[in-house]
Each structure stands twice: as C-alpha cells, then as structure tokens.
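Have a look at the structure that comes next, please.
The values are calculated or read from the model by the stated rules, or taken from the named source; none is laboratory data. Just so it is clear, the model here is predicted, and its values are computed rather than measured. No Cβ is skipped: glycine too gets one built from the backbone with ideal geometry, and neighbour counts run over all protein chains shown.
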Amino acid sequence: MNNRGAIWIVVPTILCCGFAVAQSNSGAIHSEKRVVMDEVTHVAMTFLTTAPANDAKIYQTHPQWLAGGSRIIFRSTNRAADGTPQIFAVRERDGAITQLTHGVGVHLGSINLSRRTDQIFYLRDGGDHRLRMMALTIPGNLETGGTPVERTVAVFPEGFRDSDGFALDADESEAYIGVRLDNAPTPQAAAAQQVTGAVWAVDLASGATRLIVTTPFRVGHVEANPWVPGEIMYCHETGGDAPQRMWIVKADGTGNRPLYIETPTEWITHETFVDRDHVMFSIMGHRDDLRRHPTGIAVINLRTDRVELLGQLAEGGGFWHSSGTPDGRLAVADDFAGEIYLIDRRNGERVLLSTGHVMRPDHAHPNFSPDGTRILIQSGRLTGGKSLDLVTIPVPARFLTPPKASPSP
C-alpha cells in the first residue's frame, strides 16, 4: 500500500500502514533550565537540559530554532519514557520541554526545520523494510496540550539507504538527500572500497524522487543553500581526511564541481553555508605536519572561489567546527579542548566566550540563533563527558551594536 501524503494526528499508538503511529502528546515536561557561570570567562551560560539523558542539538549546518523563534528542537537517545530515540522541543523563555515524536523507527541523524513554518522533517523506519521521509507540524499551543500532526512526505524503495543526512531547499519545494548505492556492510568498509553514492531530490508535495548526481565515493553532509534555491553542497565522506572534501552542484545536476581545490597537505572538513555567496569551513591543524601550511577557519566565495582566512589558535589542536552570522560580521568556533570562541570578521578580534565543554560524548557544534544574539552548543560539562546538555551562550553586547561611523575627512 502506498501511503504517500497520508496524514496522522498524533494519537495513542496503533498500527497503521505498516508502522506504529505516534502516541498522544503528554504535554510539557517540567523545566530543567539552569544558569551556570563560566569560572574562566565569567559568562553566564543557560543550560536548557540538565536531566540524566543524552540530549543533542541538530548539527550546526542546519537550523535549530523553529520558524516562530521560541523553541529549539533537539534529539535524545534515551529521554523518552519508553527508551526510544525521539525528537523534543524546549521553549527558551521558561525551559518547558515537550516530546514531539513517539513510537519506534525515528531517525535522529538528520532533522530539518522549515524556515517558513513550524514544521520538522525527518526520517522514520516504516516496519516494512521501507524508509519514509516524514513531516511534523507543531501547533502554537504545544506546551498546553496542542497536538503535533505527522504526515508521510515520501516512501523510499525497499533497500534504500540514506547517506548521512538531507536538507531542505531554500524555497522548501524539495529536499535533497544523500544516497548509498553500495553493498558494503559498514560505512568504514564503504569508504575503503570507494563505492558510489548519489544525491536525490524529493518533491515535498508529491513525494516523487529524482536523481541529481552520482559520485564515485560515499556522499555525506548534504546541505542546501538557504538563500539560493537549487544550490546544493555535499562532501566526500570518509570518516577522516578525504582527497577532495567539498563539492557543489545545481538541483538540475549541472555545475557539479569541487569546492576549494585541496592540496595533499590539507585536511578540509565541517563546511557550512553562512550567507548566499559564502561557505565557512575548517582547514584542520590538529597535527604538526598540518601546521606546516596555513590552517584555521576559512571562508570561500561560491562565485569567485576567493578564500578568506579567519585565523587559528596557536596552541592545542586548533579550531574544529564553526558557523557565522549571515551579515558577515561574526563567526563562532569550538576547539579540541571544548572552548568556544567568538571572532569578529571585520577586524580579526577573537574572544574566548566559554570553556570546559569536554567534547564528549560529542563535540560542541556551535551556531548562532536566528537573530545572532545567542550561540547554541551541546556540552558534556556538567556530566564529565558522560552525556550532553543543550546550552545557550550570549553574544557580548558590544558585538551586537553597529560599528561607529568613521569621521568625515
């Protein structure tokens, strides 16, 4: 049975169309919100989750806030009462946490938030050997009993395997998803065999799929330019250093090309769009041999290939993950020690904002709130690296005010 386009109100679990429909929303959970002062920087950090659960933010290449701006969406492998991986929302102003998905089969690896409406797109196993792309509409009265509505966007063919995520086009007419076309039993084996991958488009209205491009390597980290419809970035995923990491392609399959031509001495990773014409990425410097050449946070112009270096830490492993504000003014980056740095791109000023985030069991993955006033990270600080919490860090006020005009000559 083809259930493309089917819509479910989130009701008590029943079996429908081959998989369990989500249970009724249990309402808001008590707040876990807690303010912690950083002993080194004296910056007040707001921990939004502090329960003994392994909570993680969405990857920093994708939106974190629902379109309404009041709720952050996160994922947890063990917060749900039944122990299943699920998606949650936390309301920033009061810390109210609400479970959004229920039942088995929810994939947490790639969660996409609409920038236009309060919708969440994700993948779910159907229980019939067919993977589905789902959409969940979040009501405005979520914390007072409002019920999310889940619908099936697309049903993929039997045996379909996604490859490290998908993204929504700027006009939100399509999603772009990485596909594994190999038969290797593990990602490591797939990378070693240099097997083929692909990027598909999924029509969000009809569920129809089409091929955009095939590759002689495993595709990873599919991203769509949030400002330019039909522009897609993806990477050669190896789990380590790829010979040519970043690639760009149009949604019609044209213009497929490497982005930032690498040299054999460079380790490129963690690329993300920061505005309509620029991608920020890391030239890694965590080994002595890599430091024989320039490393650090870099920005490349998609139209001219011109590269701007934002700097590197002199000590330690250097910067790791980064993001920026679309006005081109600020960047944020974490390092191997679990420290968060703010960078003023206009003058190169670098400020240590927060420390001690352990980088276990995962990395901090910082990015900015939509209005650029806060930075969201995930932190192992309070648990000594046993589990993660979601944390917001304020951007200092002096970086939020427009620069003073130069006096007239």
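Are there any pairs with C-beta distances below 8 angstrom linking a residue in segment 291-313 that is polar (S, T, N, Q) to a residue that is at pLDDT below 95 and in a loop (DSSP other than H, G, I, E, B), with the two at least 6 apart or on different chains, and if so which?
Matching pairs, first to second residue: none at all.
Just to be sure I understand the filter: pairs with C-beta atoms under 7 Å, separated by 6 or more residues or on different chains, first member in segment 41-54 and touching a residue at least 12 places away in the same chain (Cβ under 8 Å) and more than 17 Å from ARG374 (Cβ to Cβ), second member small (Gly, Ala, Ser) and surrounded by 18 or more Cβ atoms within 10 Å (Cβ to Cβ). Which pairs pass?
PRO52/SER387; ALA53/SER76; ALA53/SER387; ASN54/SER76; ASN54/SER387
Scan segment 203-212 for residues that are surrounded by fewer than 21 Cβ atoms within 10 Å (Cβ to Cβ), outside any loop (DSSP other than H, G, I, E, B) and not polar (S, T, N, Q) and report the count.
3
Table: residues versus (1) in contact with a strand residue (DSSP E or B) (Cβ under 8 Å, 6 or more places away or on another chain); (2) buried (at least 19 other Cβ atoms within 10 Å of the Cβ).
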{"residue": "LYS57", "(1), (2)": "yes, yes"}
{"residue": "HIS62", "(1), (2)": "yes, yes"}
{"residue": "GLY68", "(1), (2)": "no, no"}
{"residue": "ARG75", "(1), (2)": "yes, yes"}
{"residue": "ILE120", "(1), (2)": "yes, yes"}
{"residue": "THR137", "(1), (2)": "yes, no"}
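So in segment 346-360, with the set limited to residues that are modelled with pLDDT under 95 and at negative phi, which one is surrounded by the fewest Cβ atoms within 10 Å (Cβ to Cβ)?
ASN347
Sticking with this structure for a sec: Can you work out which of the residues in segment 90-118 that are among the aliphatic types (A, V, I, L, M) and part of a loop (DSSP other than H, G, I, E, B) is surrounded by the most Cβ atoms within 10 Å (Cβ to Cβ)?
By that ranking, first place goes to ILE111.
Those residues that are over 23 Å from ARG257 (Cα atoms) and in a loop (DSSP other than H, G, I, E, B), I need them from segment 301-321; list them, please.
Matches in segment 301-321: GLN312, LEU313, ALA314, GLU315, GLY316, GLY317, GLY318.
Something else: Among the residues of segment 337-356, which ones are of a type in the set (S, T, N, Q) and either part of a strand (DSSP E or B) or within 24 Å of the chain's Cα centre (by Cα) (or both)?
Within segment 337-356, SER354, THR355 qualify.
Say whether the condition of being of a type in the set (D, E, K, R), surrounded by fewer than 23 Cβ atoms within 10 Å (Cβ to Cβ) and within 22 Å of VAL249 (Cβ to Cβ) is met by at least one residue in segment 151-162.
yes
What tally of residues in segment 90-110 results from selecting those that are over 24 Å from HIS363 (Cβ atoms), touching a residue at least 40 places away in the same chain (Cβ under 8 Å) and of a type in the set (D, E, K, R)?
2
I'm checking my understanding of the structure. Among residues of segment 218-239 that are touching a helix residue (DSSP H, G or I) at 6+ places or on another chain (Cβ under 8 Å) and of a type outside the set (S, T, N, Q), which one is surrounded by the most Cβ atoms within 10 Å (Cβ to Cβ)?
It comes out as ARG218.
Show me the strands (runs of 3 or more DSSP E) entirely contained within segment 232-300 in which 2 or more residues are modelled with pLDDT under 95.
Of the strands (runs of 3 or more DSSP E) lying wholly inside segment 232-300, none has at least 2 residues that are modelled with pLDDT under 95.
For segment 55-89, what are the residues that are farther than 13 Å from LEU376 by Cβ, in a loop (DSSP other than H, G, I, E, B) and without any contact (Cβ under 8 Å) to a residue 60 or more places away in the chain?
ALA67, SER70, THR77, ASN78, ARG79, ALA80, ALA81, ASP82, GLY83, THR84, PRO85
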